[in-house]
Amino acid sequence: MNMKRIALLLFLALCAAQLFAQQTGSHFPTRDRGWWTFGIDGGLAYQSSDVRTQFNGWGAGLTLGKNLLYRPGGMFSFDLRGRGLFTRSYGADAVRSFGLQRNEALNGNYVSSLNYILDKSAPNDSSFVYHNYRHSMGELGLEGVLTFNRLRERTGIVFALFGGVGLDFTAPAPTSWQMIKYITI
């Protein structure tokens, strides 16, 4: 037998032993229904695009939840959670990008003060930019959490299903001075 099969058999044996084990107590103390939870989270944030990501972005969030359904020994418990998240990510491209005449965000079609074309009379303008970015995004969400309570109480394994709705938004666009700072790095 190879090592993968041995590892798989050991894993399945451990799982089967847990399924047939008789447990008289709970891994978690019993609670009264209706408890509140509060969470703080944070970590790395990044985007994937044609501009190389710099892994110095960050994200942070808060959650506030209320238990709506719980019975000791019951099959399921159900919580409702509100979530707020904010992320800021950065990217930097070390390659010059030409062809600004065709890029409406940079050729002055939308905002005349953001016109990066140096010589409009030349058919092949030699103007270029480095496509760098700073992106801020937020999310507000409401989610339901269905937890397999009996599994949690008997084995200590927390298995939950999440579902919900959310609203994502981006932060206001930076001023033209901030755009110049990020475009001309």
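Quick rundown of the values:
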| read-out | value |
| --- | --- |
| Test: residue in region 159-169 that is modelled with pLDDT of 90 or more, within 31 Å of the chain's Cα centre (by Cα) and part of a loop (DSSP other than H, G, I, E, B) | yes |
| Residue satisfying all of: in region 125-136; under 28 Å from Y46 (Cβ atoms) and not in a strand (DSSP E or B); modelled with the highest pLDDT among these | N132 |
| Any chance A122 is at pLDDT below 75 and touching a Ser or Thr at 6+ places or on another chain (Cβ under 7 Å) | no |
| Enumeration of residues in region 137-158 that are out of contact with any Ser or Thr (no Cβ under 7 Å at 6 or more places or on another chain) and part of a loop (DSSP other than H, G, I, E, B) | G156, I157 |
| Answer residue from region 87-119, given it is under 30 Å from G164 (Cβ atoms) and crowded, with 17+ Cβ neighbours inside 10 Å and is modelled with the lowest pLDDT among those | G91 |
| Any hit, region 66-86, residues being under 22 Å from Y133 (Cβ atoms) and either of a type in the set (A, V, I, L, M, F, W, C) or assigned to a strand (DSSP E or B) (or both) | yes |
| Checklist (1) over 30 Å from W36 (Cβ atoms); (2) modelled with pLDDT of 85 or more applied to L80, failing item | (1) |
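The values are calculated or read from the model by the stated rules, or taken from the named source; none is laboratory data. Values in this document were obtained by computation on a predicted structure and should not be read as measured data. No Cβ is skipped: glycine too gets one built from the backbone with ideal geometry, and neighbour counts run over all protein chains shown.
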